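Here the structure is laid out as structure tokens; the discussion comes afterwards.
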Amino acid sequence: MSYLHRSSGLPVRTLGFRSGVSASYVYRVMASERNPAWETVQGIARACDYDPGDLLDLWNAAQGFTADGSGTPPTYAQALARFQGAFRGLHLATARAPLQTFSDALETASRMELRLIESLLGPTTATGAERLS
């Protein structure tokens with residue numbers, strides 16, 4: 001959350017106003033003194049011009065949630081979308097580390113694997129099949 005705030009360049013007071021919470025609450029969230037409700041996370045993400053979906057898996061993990069609770073296995077498209085969201089959330093958590101960081105860490109990664117990583121970090125509008133072609 002603090003990366004979103006820093007990268008937005010918004011003053012805390014403006015961020016609070018745009019996300020519907022007080023500036024002091026935003027400060028406490030950024031300092032990890034508060035664990036915000038999902039609605040607050042969505043508001044802050046949107047105020048910073050980010051897709052809240054990229055933070056859902058991180059938020060669920062912070063809440064201790066491990067599954068959607070439905071008991072039904074996800075479809076391939078749902079699983080791919082959740083994976084992409086989780087991956088993009090982790091990318092945000094690393095302050096949007098450049099792709100070079102991944103290629104350096106994955107010394108044996110092929111070009112295809114690096115292209116896949118790059119596509120996962122891209123916009124979420126295409127389907128998995130479109131991305132992988």
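General observations
- Taking segment 37-51 as the range and being under 19 Å from G9 (Cβ atoms) and either part of a helix (DSSP H, G or I) or in contact with a His (Cβ under 6 Å, 6 or more places away or on another chain) (or both) as the test, the residues that pass are G43, I44, A45, R46, A47.
- Residue count, segment 11-31 (criterion: surrounded by fewer than 19 Cβ atoms within 10 Å (Cβ to Cβ), aliphatic (A, V, I, L, M) and outside any helix (DSSP H, G or I)): 1
Here is a yes/no grid of residues against (1) within 10 Å of the chain's Cα centre (by Cα); (2) surrounded by 12 or more Cβ atoms within 10 Å (Cβ to Cβ); (3) modelled with pLDDT under 75; (4) farther than 24 Å from R6 by Cβ:
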position: W59; (1), (2), (3), (4): yes, yes, no, no
position: D68; (1), (2), (3), (4): no, no, yes, yes
position: P73; (1), (2), (3), (4): no, no, yes, yes
position: F83; (1), (2), (3), (4): no, yes, no, yes
position: F87; (1), (2), (3), (4): yes, yes, no, no
position: L92; (1), (2), (3), (4): yes, yes, no, no
position: A97; (1), (2), (3), (4): no, yes, no, no
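- Of all residues in segment 82-99, those that are of a type in the set (A, V, I, L, M, F, W, C) have Cβ atoms under 8 Å from Cβ atoms of residues that are part of a loop (DSSP other than H, G, I, E, B), 6 or more apart or on another chain, in F87/L121; L92/Y50; L99/L121.
- Any hit, segment 103-110, residues being outside any helix (DSSP H, G or I), surrounded by 12 or more Cβ atoms within 10 Å (Cβ to Cβ) and modelled with pLDDT of 80 or more: no
- Considering residues of segment 111-129 that are among the small types (G, A, S) and in a helix (DSSP H, G or I) only, the residue modelled with the highest pLDDT: S119
- R34 falls short on exactly one of the conditions (1) out of contact with any Lys or Arg (no Cβ under 8 Å at 6 or more places or on another chain); (2) at pLDDT 75 or above; (3) open to solvent by 40 Å² or more (accessible area, probe 1.4 Å); (4) not in a helix (DSSP H, G or I), and that condition is (1).
- Matching option when the condition is free of Cβ contacts under 8 Å to residues at least 24 places away in the same chain and small (G, A, S), among G53, G43, G16: G16
The values are calculated or read from the model by the stated rules, or taken from the named source; none is laboratory data. Predicted model only: the values in this text are computed from it and were never measured. Because the Cβ atoms are built from the backbone with ideal geometry, glycine has one as well, and the counts that use them run over all protein chains shown. The protein model used for the area step is the full one, side chains on, heavy atoms only, and it has no ligands, DNA or RNA in it. Shrake-Rupley method; radii C 1.70, N 1.55, O 1.52, S 1.80 Å.
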